[in-house]
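For reference, the structure discussed in these notes is given below.
What follows is calculated from the coordinates using simple rules that are stated; it is not laboratory data. All values derive from a computational prediction rather than experimental measurement. All Cβ positions, even for glycine, are placed from backbone atoms using ideal geometry, and neighbour counts span all protein chains on display.
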Amino acid sequence: MPEFLLATPDLSETDQARVAAVLERLRGVPELATRYQPAGPVGTLADLAGVPVMLKDDLQVALGHLQPRAERGATWLFQSGGSTGSPQVGYAPTGLYMAEVYAHWRALGRDDVFVNGWSAGKMWGAHFLVNAYADHAGCVAMNLGAMSRDEYDPWLQFFATRKVTGYGGTPSVLRLVFRHAAETGVKLPDLRAVLWLGEAWDRQLDADLAAVAPQARRWGMFGSTETWVVATNTPDCPADVWHPLPSQLVCVGEDELLDFTCLNPQVLNPVLRYRTGDAGRVVSCACGNPRPALQVLGRRDNLIKFRGHLLNVDDLVADLDARPGVARSQLVVREAADGGSVLQVRLLAAAGAGPNAGPDAGPDAEPDLASRVREHILGSAFGPSIVFQRNPHSLEVDVVESLIGNERTGKIPSLVVRPAG
């Protein structure tokens, strides 16, 4: 049987009612009715183990049919994913469920001066989610968003002058900012809390923060646009160990893949054993909290993080392969120690498109193939296009004579990752 992390030994009556309500909604979706009709009633965790696991496409089908609405306030729609294909969407009411997060995780308080460094664009929910948290904390908050490199110096000086005590962002963005501060000798003596969400902690940050802000300690949130915040950790927890919120039920399967069930009756997404692609295991946390905790081991699907944004490798490659003049594409991520990773898109030109088209190619390559594909990626309404627009050097598109493959097997992967160094 899978292992469940729940705030109580088994499902309470309220939990059972929530699961029953979600099951009923899913049975009302024509494409999912047959799948969920046999499930239930769910009165125990053992019963829940018999409910089918929900994948990303299943949830998107459900949301497309249900189109949830909040009982009070606005209904906010955000997107995750990150390819030029269809996005993954999630719904939330005004407040984004952050009252529960604040009740169990006090990273900020009324005396803090906080800088929100998450990007506010392209329907990503992190920036707005943290603003909702700041409302509960009652702190002074600055909606800075993402900075370009030439803005670091004046803003860092402003933070020092304003005695900023809290700063938040994805670790890849934080790494760039604090690396620059360390290299230029900037000090932020009042900074005590660094909030992070969106990707794994970058341990290089520890050294940079020690030089720039010796009092600063990290405070993490873990979740997704579909699940919202599932778990948190504190400065006393290892960076990869998390404590689920009371309203979040985490399941660790025998294959270590995680699925999530949200027991908060106010949550709009019908999240029932929803599998995100993350893997993990149940552990004890060094912080001293006696309850079992969750160690997140990373992703095991076709989604990767690139500069803090999810990139769906299969969707992007399929989209590029469908472009006129492209026979096949491949992604190469060149990681960098300073967090400035580069995505290279390698293209084989289609037959009849010139000398770079492979064995069946025609004589003349289209001279603008690489530039057309680059413009297509930059013009995408979803995904990492916002990263490339702000950091155009992070995207390279090249027409090549061959793709990178395994010499032993002859296989050509869709993604190649070249680590820093």
*Multiply the residue separation of Arg390 and Ile404 by 0.36 nm, subtract the distance between their alpha-carbon atoms, and state the gained length in nm to one decimal.*
2.2 nm
*Which value in nm describes the separation of the simple spin-label points at Ala74 and Asn264, placed 7 Å from the Cα toward the beta carbon?*
1.8 nm
*Give the cross-link partners of Lys305 among the aspartates and glutamates, using a straight C-alpha distance below 18 Å as the criterion and excluding same-chain residues fewer than 8 apart.*
Glu199, Asp202, Glu226, Asp240, Asp278, Asp314, Asp315, Glu335, Asp338, Glu396
*Out of region 32-127, which trypsin sites (Lys or Arg not before Pro) are coil in DSSP terms and have no more than 11 other C-beta atoms within 10 Å?*
Arg69, Arg72, Arg110
*Could you pull out which residues in region 8-37 have an amide N less than 16 Å from a spot 7 Å beyond the Cα of Leu55, following the Cα-Cβ vector?*
31-33, 35-36
_Distance in nm between pseudo-label sites at Glu254 and Val416 (7 Å out along the Cβ direction from Cα)_ = 3.8 nm
*asked:* Just want to confirm a number: the relative contact order over the chain, from Cα pairs under 8 angstrom separated by 6+ residues, in percent.
replied: 15 percent
*At what distance in nm do the modelled label points of Leu297 and Val283 sit from each other, each positioned 7 Å from its Cα along Cα→Cβ?*
1.2 nm
*Just in region 182-280: which GluC sites (Glu not before Pro) are loop by DSSP and have at most 15 other Cβ atoms within 10 Å?*
Glu254, Glu256
*What ranking do 41-49, 21-29 get when scored by the average of other Cβ atoms within 10 Å per residue, highest first?*
21-29, 41-49
*asked:* Rounded, prolate or oblate for the chain? Axes are the square roots of the Cα gyration tensor eigenvalues, ordered a ≥ b ≥ c, and the cut-off for rounded is a/c under 1.5.
replied: oblate
